[in-house]
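Presented below is the structure to which this report refers.
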Amino acid sequence: MNLVERSDRVLSRVLSHFTELEIERGSGSYLYGLDGKAYLDFASGIAVTGTGHCHPEVVRAAMEQLKKLIHNCAGVTYASANIELAEKLQKIVPIKDARFFLTQSGSEAVEGALKAAKYVSGKSGIIALQGGFHGRTMGALSVTTSKKSYTDGYGELLPHTFIAAPDLDSVAKLNNGNIAAVITELVRGEGGYSALDREFIRQLRAYCSEKNIYLIIDEVQSGFGRTGKMFAAEWFDLEPDIMSLAKGIASGFPLGAVVLKKAISDAWKPSAHGGTYTGNPVACAAGVATLDILTGELPRMPAKIKAVEEACDRLIAKYPRVFIRRQGLGYMIGLVCASGGICGALRQAALAQGLLLISSGSGGEVVRLAYPVTASIPELEKGFALLDRAAGEL
């Protein structure tokens, strides 16, 4: 039996798959199939392996931690790994003197952000912006609208949750005086790699401050160099009240973070939230190494952004029946196809050429270019050459 057949015998089919590709290992920007074939990975485990696969510094840090301590539960004893990670994060997040609650996933980071906002504000209402994706757990799902299928079949979700269009009038109309927070992505991940308007975000920041509403920014997908800056908020000159982080934080180890202004953190009283695996030492050690790698990569990002934008524009001009436009921010680019069907066919043609792609958008019509942050310009050029070849087959 192959891996697909074995999987069907033991794993729930509720998890959908972009491909039936069977992988043995990964190294740098490449995955390698069971047959030894190399695939240039422009999916990065859905924007997770920003340092590429099995980066030697990440492996070294994790192995050293494995030899010392695998688990202690941060709520039982103190150990250095989670503290060291938080100290590094505190220096780079766009919240001054931030405090952190570490999680295992992006959904948990969103759940923690929502809980903190409700608890500290004493208000129960949440406004989410239309088109956002925030996770699959019940609270995170309640503020997710990127695809209707994500919420179908689950009945009533989190009460006092409202969905606004991405404009200030829509947000203001939903403010009933009981709104704890507004939550949004700055660059939608599942929503098609599309960036929100900078002026709207400026207005939203001012409005939330005026009305004593917390602004939660979900950078689960856009953080850790994905846009070409460490956080997308830097493009917007924005200081949120609360952030949710995950994905690229630890190069594939399950880790996330709720980031809080100190005043909010101080008012979120002990035992109001918790978790057995918060701040796992091995994941945090990998996170420390990841931050060091990405910090060194950031000076090279402007040249990479220019290379990606030019490559996308060439494809759009060459294949107008396949590609409509590019969208996104910086290094985080989506190529909008003429339809979801064309995008699906393009992904399959690219896979046959040795390029792994995934899609996003409400109809699966956007090629989500989630190359490793550390991918070299020659690797990016090779990927776009393979994409060109695949588009030419349609």
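A short reminder: the numbers here are calculations on the coordinates, not readings from a lab. Values in this document were obtained by computation on a predicted structure and should not be read as measured data. A quick note on method: Cβ atoms are made from the backbone with ideal geometry, for glycine too, and the neighbour counts reach across all protein chains shown.
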Computed [θ] at 222 nm, helices only, for the chain once each DSSP H run of length n ≥ 4 contributes -39500 (n - 2.57): -11500 deg cm²/dmol
Charge context of Leu394, other residues only, Cβ under 15 angstrom, K/R +1, D/E -1: +1
Pairwise FRET efficiency - Gln130 versus Ser209, Cβ, R0 = 22 Å, nearest 0.05: 0.50
Lone cysteines, the chain (no partner Cβ under 4.7 Å): Cys54, Cys73, Cys208, Cys284, Cys312
Net length gained if the chain between Ser271 and Leu66 were fully extended (0.36 nm per residue, minus Cα distance): 71.0 nm
For the chain, share of DSSP beta bridges that run antiparallel, in % to the nearest 5: 65
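List the trypsin sites (Lys or Arg not before Pro) within the range 81-186 that DSSP assigns to loop and that have no more than 10 neighbouring Cβ atoms inside 10 Å. Please list the in-between numbers first.
Numbers: sites: Lys88, Lys91, Lys96, Arg99, Lys115, Lys118, Lys123, Arg136, Lys147, Lys148, Lys173; in loops: Lys96, Lys123, Arg136, Lys147.
Sites meeting the loop and neighbour criteria: Lys96.
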Arg198-Ala263 pseudo-label distance in nm [points 7 Å out on the Cα-to-Cβ vector]: 2.8
Gained length - Ala352 relative to Leu158, 0.36 nm times residue gap less alpha-carbon distance: 65.6 nm
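Taking K and R as +1 and D and E as -1, what net charge do the other residues with C-beta under 11 Å from the C-beta of Ala350 add up to?
Details: positive: Arg347, Arg389; negative: Asp388, Glu393.
Around Ala350, the charge tally is 0.
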Chymotrypsin sites (Phe, Trp or Tyr not before Pro) within the range 85-187: DSSP coil, no more than 13 neighbouring Cβ in 10 Å: Tyr154
Charge context of Gly52, other residues only, Cβ under 10 angstrom, K/R +1, D/E -1: -2
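What longest region of the chain stays clear of GluC sites (Glu not before Pro) that DSSP places outside H, G, I, E and B and that have at most 16 other Cβ atoms within 10 Å? Walk me through the numbers on the way to the answer.
Numbers: sites that count: Glu20, Glu22, Glu156, Glu393.
So the longest stretch without any such site is 157-392.
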Burial ordering of Tyr319, Tyr277, fewest other beta-carbon atoms within 10 Å first: Tyr277, Tyr319
Net dipole in debye of the range 57-297 [+1 Lys, Arg Cβ; -1 Asp, Glu Cβ; about Cα centre; nearest 20]: 360
The range 1-44: trypsin sites (Lys or Arg not before Pro) in DSSP coil with no more than 14 other Cβ atoms inside 10 Å: Arg13, Lys37
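For a quick check: sort His71, His273 by the number of other beta carbons within 10 angstrom, fewest at the front. Each step should come with its number before you reach the end.
Numbers: His71 13, His273 16.
The order, fewest Cβ neighbours first, is His71, His273.
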